[in-house]
Every structure is written in structure tokens, then in C-alpha cells.
2 protein chains.
Amino acid sequence: MADQEEVKLYGVWSSPFSRRIELALKLKGVPFEYVEEDLSNKSPSLLKYNPVHKKIPVLVHNGKPVAESLVILEYIDETWKNNPILPLDPHERAMTRFWASFIDNKILAAAVKVVYSEGKEREVAILEAREHMKMLEQQLNGKDFFGGDKIGFVDIVGNVVAFWFPINQEILGGEFFTPEKFPGLFEWIGKLQEIDLVNECRPPTEKLLAYVKARYESSKNAPK
Amino acid sequence: MADQEEVKLYGVWSSPFSRRIELALKLKGVPFEYVEEDLSNKSPSLLKYNPVHKKIPVLVHNGKPVAESLVILEYIDETWKNNPILPLDPHERAMTRFWASFIDNKILAAAVKVVYSEGKEREVAILEAREHMKMLEQQLNGKDFFGGDKIGFVDIVGNVVAFWFPINQEILGGEFFTPEKFPGLFEWIGKLQEIDLVNECRPPTEKLLAYVKARYESSKNAPK
């Protein structure tokens, strides 16, 4: 099978969403070609493969495209069945999907508000984001990973919390996401950093920090 | 198995989200107890079973709760494997999840803007919603249902477009969702209405119309 397979990932180095797909493919040992997109000048391939959202990541497997990171992760798990990233039990699968969706729909929405606000409004947004992250943290409940003793779907989706939020914290200052407020999540980040593949699938900290800082500075809501 | 199973659905009669779960359970032939919630006075059970979102629908299967309608639908399909509502092929499953998520995240978000706006802003929102619905319509591509020759996941999730959007159209007037603009979707609605179970799992039109009208009237954005 492997010889005839063509797997291409269209992504952007700084995007947690395409990094998720990279990590899942590597955890499965699926060889793939990575295509870096320039979002200010999207390639005809990206527009052809994701005409609806015109966004990365897109996985193209033997010519067939799949878009939206959570959808792609499920596709990967169903296509390459070794090293499952979703649990097998239906109720555990449901809980996994629930928390993955919680990260993307609640935590990220709250974090976006933090970034695009200022002053009092930002303080309120930080409290809301923290409340959501506390709920996520409680799901670890003494485990090393959300997936139990090895990383799984929620750990992969949580990459944005683990590696992008600390960058935002560094820029924002204050108490958006600190080890004091989230000892459990920071312990989990430590465990993630012990995994080589995880480190391969995230941007270098300094490079990401410079990139995110530049984005803040070009926005009107730059922290003062 | 069936004798020992306890399946409870916490829902609200006017919610497309709980109606989706009702329909999926009925398509599977799973007996269940339905509990109507009062959202202005949520029951201790609802708050206990969905402490994160405190929203309906919640499915409780042998004491274990599952929340979020798309997550519940996947759970139902994985737990009761007869009459599958998702296709079996991984790429078709991915497309199915993509379009279900498109309905909830794009089409519904656009429709909410239509409802909660007025004047020029509403006109813009209607155009945006129509653009998204056109993309959905194209997926029918000559088929009776999104699921092919029988209803499936996207048809179930699409209940809100099929039966709630025409109600809003009737109240709004204009051209938000008309058979002229969407002949394919209206043909699909006709096919859905030929299925008894589908009709069992939607509110009576007049009752829903009165309910939605009252909600519009109590809002500041009531159509003039």
C-alpha cells in the first residue's frame, strides 16, 4: 500500500492547526510531503483543494482533499489504524470529541478575545479564558496526558494551549496562562516536551515569539 | 442488551439540536425516555449532566452523559451500529463531518446574524447566509439526500435548514430562503417530508411559527 500512496499536507509553519496534522501523521509513521503555504498569496492548489474555507491545513491523500483540522485528524485515525489517537470505547471517544471541540470552540474563541481587546475588556476576556482552561485542566485528573499514559487526540488538538498560549503569555504579561494558575497544564506541557515527535511538530519558540510579537505590534490592540 | 439499557434524552421541543438526536435514535430503533427541559429553569439533572455548557441536548446512556449534538450523533452511530448514519468509507466520512460542521459553524452563524440584525446589515447577512447555503445545496448534486438514497448524518444535522429556516423566511419575508433561490434544497425538504420519522421529529409548523414569531417580537431586531 505505502508505495502507491501520495500524502500531501498544505500548511503554515506558525499554525497550530497544520502542526496538529503533521504530528498525527508522524505518530502514525505515515510519510508525507509538506507544502508550506503563503497565506498572503494562496497557491492555486490550496484554493482548488479547499474552495469552501480557503484555509490550511488541507490533507490530500491520493488526490482526495480533506480540510478542517479536527476532520483531518479523524480521517487519519480511520485511514491508518496503527497507533490509534482516538480511544476505542464509544463513550471515551465522545468525551474526546467533546473536549477537542471545547478547545477549538470555547478556549480558542476566548483566547482570540484576549488578543483582540485591551484594558478592562481584556481583563474580562482573560478571566473567561482562564475559566475554560481550568475546566480543561481538570480533565487531566492525575493522568500524564489527556489520552491517558500516551498522547492522543485531545493532546494533539491541545498543542495550541501547550505551545502557543505561553508565547501569548510572554507578550501579554499578567496572568493569562501561568504555571501558578495552571500547575496541571504546565506539568502536561512538560510531559509533551519529553516526546521528540511533539517537539519536531512545533515552531521554534524564539521564531514563534518574534512572529506573534510582530502580529501584536501591527494590530491596534498591541499590549501597551 | 436492550432490556438493561437506559437511554434518556434531555431536550427542548423547539430545538433543532435535540430533534436531531431524537431522529437518530428513532432511525436506529433505540427506545428512549424523552425529558423536556425548561431553559428558563434548568433541571438539576441537566446541570449535573452537562456542567460545562449547561445546554441541551444531553443523551444519558446507562448513566453516562454525552453532550453536543454532533458528538452525540457520532456516539449513537458507534454504539448502535444498525442503520449507519455515517458512511463507511473514511473519505466519505470526512466529507460528511466537514459539511455537518459547515452547517453548524458557517450556515447557522450566518443565520444568527440575519436574525439579530436589521436594515442594511440584515441584507448583507442574508447574502452571506445564502452564499453558504448555495455551497451546501451543491453537495446534493442530483442525489435525493446528502446521505445518497437514504438520509444520513448531514440530512439529520440539516434539519435546522429544512424546517427552521422556512419559518424564519416566513417571518422575515424577502429572499432569505426561498424555493426560487434554492430549488435543490427545497426538493430535498420535500423528500425529507416523505419520511414519517422525520416528521415525527420536528415541531408542528404552526406551533414553531408562533414560537419563533414571539421570540422575534420580544427582540429589538424584530422585522418591521
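The values are calculated or read from the model by the stated rules, or taken from the named source; none is laboratory data. Since this is a predicted model, take the numbers as computed values, not measurements. Cβ coordinates were reconstructed from backbone atoms using ideal geometry, including for glycine residues, and neighbour counts include every protein chain displayed.
Residues of region B:185-197 include none that is touching a strand residue (DSSP E or B) at 6+ places or on another chain (Cβ under 6 Å), of a type in the set (A, V, I, L, M) and under 16 Å from B:K26 (Cβ atoms). Filtered by the rule that a residue be in contact (Cβ under 8 Å) with a residue 12 or more places away in the chain, over 13 Å from A:I21 (Cα atoms) and either at the interface with another protein chain (Cβ under 9 Å from one of its Cβ atoms) or in contact with a helix residue (DSSP H, G or I) (Cβ under 9 Å, 6 or more places away or on another chain) (or both), region A:50-59 gives A:V52, A:H53, A:K54, A:K55.
One residue is enough: does region B:177-189 have a residue meeting the conditions farther than 20 Å from B:A100 by Cα, of a type in the set (A, V, I, L, M) and at pLDDT 95 or above? Taking every residue of region B:177-189 in turn, none turns out to be farther than 20 Å from B:A100 by Cα, of a type in the set (A, V, I, L, M) and at pLDDT 95 or above. The residues of region A:25-44 that are outside any loop (DSSP other than H, G, I, E, B) and basic (K, R), listed by number, are A:K26, A:K28. For region A:155-224, the helices (runs of 4 or more DSSP H) that sit wholly inside it and include 1 or more residues that are within 25 Å of A:S117 (Cβ to Cβ) are A:165-172, A:183-192, A:205-218. Counting only helices (runs of 4 or more DSSP H) wholly contained in region A:60-149, the ones carrying 3 or more residues that are free of Cβ contacts under 8 Å to residues at least 12 places away in the same chain, crowded, with 18+ Cβ neighbours inside 10 Å and within 14 Å of chain B (Cβ to nearest Cβ) occupy A:90-102.
Quick check: is even one residue across region B:1-16 small (G, A, S), assigned to a helix (DSSP H, G or I) and modelled with pLDDT of 95 or more? No: region B:1-16 contains no residue that is small (G, A, S), assigned to a helix (DSSP H, G or I) and modelled with pLDDT of 95 or more. Yes or no: region B:210-222 includes at least one residue that is touching a residue at least 24 places away in the same chain (Cβ under 8 Å) and more than 20 Å from the chain's Cα centre (by Cα). There is at least one residue in region B:210-222 that is touching a residue at least 24 places away in the same chain (Cβ under 8 Å) and more than 20 Å from the chain's Cα centre (by Cα).
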